[in-house]
Amino acid sequence: MKQIYAVLDIGSATIKLLVGETVSANINILFTKKMASHGIRKGIIEDVDAVAADIRKIVDEASAELGAPINAVALTLPSRGAHIYQGDGITKVNSDNDRIGVDDIIRTLKLSRRFALDKTEEIVSVVPVMYYLDTRRMDTIPLGMKTASLKVESMMITLKKKLFYSYLMAIEKAGLDLLDVTINAYSSALEAFDAACLQDGAILIDVGFDATSVALFEGGYLKYLAQVPVGGYDLTKAVALAWMIDMATAEKYKVKYGTCEDAVGEEDVIHTTKYGNDIKNYTQYDLSSLMQKAVNELMEVIKTKIDVIHDGRDYEIVIVGGGAELPGFERIASARLGTKVTCYRPQTIGGRDMALTSCLGMMYYLDDRKELNGEDRVSMILPELSNTIGVRLKGLTKNKEEKKKKEDDSDGRIKKIVNSFFTEE
């Protein structure tokens with residue numbers, strides 16, 4: 001059966017859906033869609049019904065185009081307030097002939113999460129990093145290998161329960177099952193970096209709508225994660241304030257004409273503002289000057305987080321996220337941080353959008369975990385092989401996730417979902 005997954009990334013400004021088919025280490029994009037989101041502010045859901053309606057709308061559109069219903073989705077969550085823990089578990093292998101089976105790995109991962117956890121937090125991801133057998137260690141799932149005991153070192157990602165449960169409730173209200181979940185910082189890294197970078201050390205900067213995350217990866221772990229309350233919204237705000245226009249118009253100008261390049265025409269008037277009897281014409285050059293200053297200020301705030309982990313090493317630094325979709329952004333970022341910075345744009349046809357980096361990385365996350373989740377856990381089944389082939393023509397392959405009573409009932413359903421991800425039972 002083909003591994004077809006639907007991945008949702010629900011942000012404060014937009015909701016993104018990517019449906020793709022995994023074939024070995026490749027991804028064939030079958031459908032992508034990005035639309036405005038509602039009911040979310042600063043990564044926190046304020047109106048679950050509005051978010052559920054957005055999810056249902058975008059999923060129904062994909063189902064109609066692909067000719068089959070999407071029944072389950074994977075979810076990438078905001079990194080805001082996430083914490084990272086390291087743990088390990090060891091167990092005796094109980095499978096026939098001492099060969100490692102899926103149950104042995106799941107049992108060991110459960111043991112690795114036995115540590116003191118704040119009552120306000122919930123584990124959303126348990127990521128195996130290194131496996132230790134009797135005589136060797138490896139970073140890939142050792143299914144079928146022979147050993148008397150198995151030890152797994154793992155990374156655990158937690159979020160505040162209130163935030164996590166609200167997203168799960170929105171998925172449930174939309175009538176969908178949940179395949180798997182992780183945070184944007186981790187899934188984006190799986191797309192933007194290769195395995196060597198994640199081992200040797202790399203920094204990922206994810207510029208979102210109203211917040212930016214800074215993440216350090218090393219030794220296969222997410223070692224450091226910080227948030228700053230600035231993002232693409234602040235670039236738009238800079239235009240709105242300077243030109244005395246509304247945010248919607250400023251956003252339109254930023255998207256259509258925005259750049260951080262110097263070589264832009266001073267004669268290209270894009271907006272005119274009246275100041276009493278005076279008229280002021282604003283050109284693309286003026287917009288570029290505003291963007292350069294705003295990006296410089298954005299990177300200055302981000303630099304304070306990077307300085308915390310600076311140890312003299314030259315880490316590869318990559319910027320992702322829709323908030324960084326401006327020509328010349330990386331030049332300003334490199335100058336402010338004092339080192340080479342790259343803005344990463346996915347190269348998968350049909351997914352060449354910086355805002356889709358997290359969704360593409362989640363596809364790899366799901367593919368890596370299909371032995372643990374079960375290969376039959378997919379988002380949809382296309383009715384005919386010919387249908388799949390026809391859809392694939394749209395994208396090419398890239399080589400290489402009462403009120404009190406109602407609340408109580410809802411909490412019960414949410415806990416069932418949570419318990420499906422590496423619970424103690």
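Observations, loosely collected:
- P(r) of segment 61-203 over all Cα-Cα pairs, binned every 5 Å from zero, in whole percent: 2, 9, 15, 16, 16, 16, 13, 9, 4, 1, 0
- Close amide-amide hydrogen proximity is noted between Val264 and no other residue 5 or more places distant or on a separate chain, at a cut-off under 5 Å (H modeled in the peptide plane; Pro and chain starts excluded).
- When the C-alpha to C-alpha distance is required to be over 20 Å, the pairs from Lys16/Lys293; Lys42/Lys162; Lys57/Lys160; Lys256/Lys305; Lys2/Lys370 that qualify are Lys16/Lys293; Lys57/Lys160; Lys256/Lys305.
- Projected over all directions and averaged, the alpha-carbon convex hull of segment 226-309 occupies 6.3 nm².
- 5 angstrom amide H check on Phe31, placed H, neighbours 5+ away: Val19
- Using distinct alpha-carbon pairs, which all enter the 1/r mean, Kirkwood radius of segment 83-161 in Å: 12.9 Å
- From the Kirkwood radius over Cα pairs of the chain, Stokes-Einstein at 10 °C and 1.306 mPa s returns a whole-number translational diffusion coefficient of 69 µm²/s.
- Backbone geometry of segment 224-232 corresponds, through the Karplus equation with coefficients 6.51, -1.76 and 1.60 at θ = phi - 60°, to 3J(HN,Hα) couplings of 8, 9, 9, 10, 10, x, 9, x, x Hz, x marking Gly and Pro.
- Of all aspartates and glutamates in the structure, those lying under 14 Å Cα to Cα from Lys34, and not within fewer than 8 positions of it along the same chain, are Asp9, Asp54, Asp60, Glu61, Asp353.
- Within the shell of other residues whose beta carbon sits under 9 angstrom from the beta carbon of Gln227, the net charge comes to +2, with Lys and Arg scored +1 and Asp and Glu -1.
- Coupling constants for segment 300-309 follow from the phi torsions by the Karplus curve (6.51 cos²θ - 1.76 cosθ + 1.60, θ = phi - 60°), and in residue order they are 5, 5, 4, 4, 4, 7, 5, 4, 5, 9 Hz; glycine and proline get x.
Laboratory data are not the source of any read-out in this text; all were calculated from the coordinates shown. Quantities reported herein were computed from a predicted structural model and do not represent experimental measurements. Glycine gets a Cβ as well: all are built from the backbone with ideal geometry, and neighbour counts include every protein chain shown.
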